Amino acid sequence: MKNIKDYTLQALKNELINIGEKPYRAEQIFKWLYQENITSFDEMTNLSLDLREKLKKEFTLCKFNILKKQKSKDGTKKYLFDVLDGNAIETVLMSYHHGYSICVSSQIGCKMGCKFCASTGIQFARSLTSGEIIEQILAVERDSNIKVSNIVFMGIGEPFDNYDNVLNAIRIINDPKGLNIGARHISISTSGIVPRIYDLANEDLQCTLSISLHATTNEKRSSMMPINNKYPLEELMKACKDYIAKTNKRISFEYALAKDNNDNLEDAKRLVKLLKGMLCHVNLIPINKIENGSFVKSTNENIIKFRDYLNDNGIVATIRRELGSDIDAACGQLRKKNLKNCKEEE
Ligand code: SAH
């Protein structure tokens, strides 16, 4: 059956016309879905009984079940959702002084193979639909009784390996009649799928682009991120410069610091050279431990030294707060599970 949350407002209008209904009904439905966050068609009380029955026959509401919920000392919550096909994914809710932020997954598993990330090494199942991306937000809002103000596409998966669905989801999130979250409050992070960077530059969307950089030479970057073999640093940086020129928007570069791997002064110097003159910001992430991972977090002293070197040399850099690491909810620690394993763990 069709997932009603897969449709933008215009697409839902077309669906309604196809079943002989008036298009303005789509606006009423959007209000129930995204502002009231209802979980059954029967709650759509301004629609006739007849229309509600018709909708039930055509569409599902794709309501995720919560399999597990963990709360960190710092207030971060990690949800494990049953996505209704035997797979499970993780979504993280973070609370900041300026509101709530959600880290959504875009795929069930990931094909990128980054050596430092827990989403690697588990078999890739499939991409999520836009409705499934949206339902992560709605399910968290229902359970925690909050409204989210920021969305980051930094959960499981490579958003640019599921480009169309991610963009469609962003349009629904962004729509004033949908979730009504401004594009400036939405970030997409990519491991560096170069053609999609050029595509995003042409989308006329105000969301923030984050690039997982993590290294300053092709040799090092390829050893950490296999995608670099396909799209090496020169091509990646060229695409980033083109993106900035076209959109006049700042790019955020993520750089996870691992001890004796990419955290010495030579690395910092090369990073300055690579980014000099670009409209950008560097987000330093103390690398998080993962099961069987070989990377060790840099010392605090080194992380601060690295940041100060960048700042002293004209590159704005900040250290990302480590939220949720005690419940494995921090960057790179999310993984897909299948229902059978989840039950065994409980
Ligand atoms: N696939 C996308 C988005 C998911 S990851 C991407 O690669 O950008 C979100 C961020 O967490 C990325 O910058 C990723 O490189 C980083 N990350 C992955 N594993 C990490 C780890 N163990 N410690 C710190 N950051 C990590």
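The values are calculated or read from the model by the stated rules, or taken from the named source; none is laboratory data. Quantities reported herein were computed from a predicted structural model and do not represent experimental measurements. Cβ placement follows ideal geometry from the backbone for every residue including glycine, while neighbour counts extend to all protein chains displayed. SASA here: full protein model, heavy atoms, side chains in, ligands and nucleic acids out. Shrake-Rupley method; radii C 1.70, N 1.55, O 1.52, S 1.80 Å.
Quick check on my filter: what residues within region 214-253 are open to solvent by 40 Å² or more (accessible area, probe 1.4 Å) and among the small types (Gly, Ala, Ser)?
Ser223, Ala245
Can you tell me which residues in region 164-181 are in contact with a Cys (Cβ under 9 Å, 6 or more places away or on another chain) and either surrounded by fewer than 22 Cβ atoms within 10 Å (Cβ to Cβ) or farther than 19 Å from Cys103 by Cα (or both)?
Asn174
Kindly indicate the residue of region 269-288 that is within 14 Å of the ligand (Cβ to nearest atom) and touching a helix residue (DSSP H, G or I) at 6+ places or on another chain (Cβ under 8 Å) and also nearest to Phe253 (Cα to Cα) among those meeting that condition.
My answer is Val282.
Here are some residues: Ile102, Ile66, Ile122. Which one is within 16 Å of the ligand (Cβ to nearest atom) and out of contact with any Ser or Thr (no Cβ under 9 Å at 6 or more places or on another chain)?
Step by step, each of Ile102, Ile66, Ile122 is checked, and only Ile122 is within 16 Å of the ligand (Cβ to nearest atom) and out of contact with any Ser or Thr (no Cβ under 9 Å at 6 or more places or on another chain).
Restrict the check to region 298-310 and report whether at least one residue is closer than 22 Å to Thr190 by Cβ and either within 22 Å of the chain's Cα centre (by Cα) or among the basic types (Lys, Arg) (or both).
Checked region 298-310: no residue is closer than 22 Å to Thr190 by Cβ and either within 22 Å of the chain's Cα centre (by Cα) or among the basic types (Lys, Arg) (or both).
Between a residue in region 195-224 that is assigned by TED's automatic domain parsing to the domain that holds Asn168 and any residue that is within 11 Å of the ligand (Cβ to nearest atom) and of a type in the set (Asp, Glu), which pairs come within a Cβ distance under 6 Å, given they are 6 or more apart or on different chains?
Here the result reads Ser210/Glu254; Ser212/Glu254, each pair linking region 195-224 to a residue that is within 11 Å of the ligand (Cβ to nearest atom) and of a type in the set (Asp, Glu).
Would you confirm whether or not region 101-121 contains a residue that is among the aromatic types (Phe, Trp, Tyr) and either free of Cβ contacts under 8 Å to residues at least 24 places away in the same chain or under 28 Å from Met1 (Cα atoms) (or both)?
Within region 101-121, not a single residue is among the aromatic types (Phe, Trp, Tyr) and either free of Cβ contacts under 8 Å to residues at least 24 places away in the same chain or under 28 Å from Met1 (Cα atoms) (or both).
If I filter region 17-32 for residues that are acidic (Asp, Glu), touching a residue at least 24 places away in the same chain (Cβ under 8 Å) and not assigned by TED's automatic domain parsing to the domain that holds Gln333, do I get at least one hit?
Checking region 17-32: at least one residue is acidic (Asp, Glu), touching a residue at least 24 places away in the same chain (Cβ under 8 Å) and not assigned by TED's automatic domain parsing to the domain that holds Gln333.
Just to be sure before I move on: is Leu80 touching a Ser or Thr at 6+ places or on another chain (Cβ under 9 Å), within 30 Å of Leu323 (Cβ to Cβ) and modelled with pLDDT under 95 in the structure I sent?
So Leu80 does not fit the description; no.
Filter region 289-304 down to the residues that are touching a residue at least 24 places away in the same chain (Cβ under 8 Å) and away from the ligand (no atom under 14 Å from the Cβ) and list them by number.
Within region 289-304, Thr299, Asn302 qualify.
Could you please find all residues in region 164-210 being of a type outside the set (S, T, N, Q) and in contact with a Lys or Arg (Cβ under 6 Å, 6 or more places away or on another chain)?
If the condition is that a residue be of a type outside the set (S, T, N, Q) and in contact with a Lys or Arg (Cβ under 6 Å, 6 or more places away or on another chain), then Ala201 is the only one that fits.
Do you know which residues across region 182-209 are within 27 Å of Phe30 (Cα to Cα), in contact with a strand residue (DSSP E or B) (Cβ under 6 Å, 6 or more places away or on another chain) and either open to solvent by less than 40 Å² (accessible area, probe 1.4 Å) or within 14 Å of the ligand (Cβ to nearest atom) (or both)?
Those that are within 27 Å of Phe30 (Cα to Cα), in contact with a strand residue (DSSP E or B) (Cβ under 6 Å, 6 or more places away or on another chain) and either open to solvent by less than 40 Å² (accessible area, probe 1.4 Å) or within 14 Å of the ligand (Cβ to nearest atom) (or both): Ile186, Ser187, Ile188, Cys207, Thr208.
Restricted to region 138-163, and to residues that are away from the ligand (no atom under 15 Å from the Cβ) and β-branched (Val, Ile, Thr), which residue is most open to solvent (accessible area, probe 1.4 Å)?
Top of the filtered list is Ile146.
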